[in-house]
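Just below is one structure, and these are the notes that go with it.
Bear in mind these aren't lab numbers, they're just calculated from the coordinates by the rules spelled out. No experiment lies behind these values; they were computed from the predicted model shown. Neighbour counts are summed over all protein chains in view; Cβ atoms, including those assigned to glycine, are modelled from backbone coordinates with ideal geometry.
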Amino acid sequence: MTNEEFQKLVLEKLQSLELGQEEIKEKLKFAGEQTAELTEFRQEVKEELTSIKSTISRIEIATADNWSDIAKLKSVR
């Protein structure tokens, strides 16, 4: 193998490595964007769950009050 052939081979391999690094960078960028979106989605879900739990608690309290009122009305009969 001549020196020129060797240099050409090395340059081809370096070019291949650079292309591989660019692909890795793009995939890493995409993964970062997906992670950010998932983090935002997770926060939204947590907030909604907190709201749902609060609503359920209010419903349980109202239901208990209603049962109490029903019991009082039945006892009056």
Report summary line: Once phi for every residue in the range 53-66 is put through the Karplus expression 6.51 cos²θ - 1.76 cosθ + 1.60 (θ = phi - 60°), the whole-Hz ³J(HN,Hα) values, with Gly and Pro written as x, are 4, 5, 4, 4, 4, 5, 5, 4, 5, 5, 5, 4, 4, 5
Query raised in the report: Along the charge dipole of the chain, Cβ charges K/R +1 and D/E -1, which of Asn66, Leu49, Leu28 sits furthest on the positive end?
Result: Asn66
Report task. Please compute the Cα-Cα pair-distance distribution of the chain with 10 Å bins starting at 0, giving whole percents from short to long. Result -> 15, 16, 13, 13, 11, 9, 8, 6, 5, 3, 1, 0
